[in-house]
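All remarks here apply to the structure that follows.
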């Protein structure tokens, strides 16, 4: 190894470590993730929506939307998450229904910064 490379090696190693930490440590450190929710209902019929993300028994994030005219796109929720098993829950009020329809899905965000949660139809 040349003397010039030996001088620069600590700088390169420091930059590599900084990049790993900045990007969330391969998903092991909490980093901001954007979750896009795909609901199995007609978006125009949605009047109210509540999105939740759980890790075990801890609520990590929640968002409520009131949509008198219906949804115009897929809702999103941005929050800090680590890698591991999470549960996404969506409660949807349709039309004049008094009770919500609930959907949930388990997911692992891994090291992804943007995730799409495609919720299955309830049975």
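Yes/no per residue for (1) over 13 Å from residue 35 (Cα atoms); (2) surrounded by 15 or more Cβ atoms within 10 Å (Cβ to Cβ); (3) touching a helix residue (DSSP H, G or I) at 6+ places or on another chain (Cβ under 8 Å); (4) modelled with pLDDT under 95:
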residue	(1), (2), (3), (4)
62	no, no, no, no
71	yes, yes, yes, yes
98	yes, no, no, yes
103	yes, yes, no, no
123	yes, no, no, yes
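Is it the case that residue 84 is on the phi > 0 side of the Ramachandran plot, touching a helix residue (DSSP H, G or I) at 6+ places or on another chain (Cβ under 6 Å) and either surrounded by fewer than 15 Cβ atoms within 10 Å (Cβ to Cβ) or at pLDDT below 95 (or both)?
Numbers: on the phi > 0 side of the Ramachandran plot: yes; touching a helix residue (DSSP H, G or I) at 6+ places or on another chain (Cβ under 6 Å): no; either surrounded by fewer than 15 Cβ atoms within 10 Å (Cβ to Cβ) or at pLDDT below 95 (or both): yes.
Judged against the criteria, residue 84 is not a match.
Quickly run through the stretch 102-123 and pick out the residues that are touching a strand residue (DSSP E or B) at 6+ places or on another chain (Cβ under 8 Å) and either more than 18 Å from residue 81 (Cβ to Cβ) or free of Cβ contacts under 8 Å to residues at least 12 places away in the same chain (or both).
102, 103, 120, 121, 122
The values are calculated or read from the model by the stated rules, or taken from the named source; none is laboratory data. Computed from a predicted structure; not experimentally measured. Cβ: placed from backbone, ideal geometry, glycine included. Neighbour counts: every protein chain shown.
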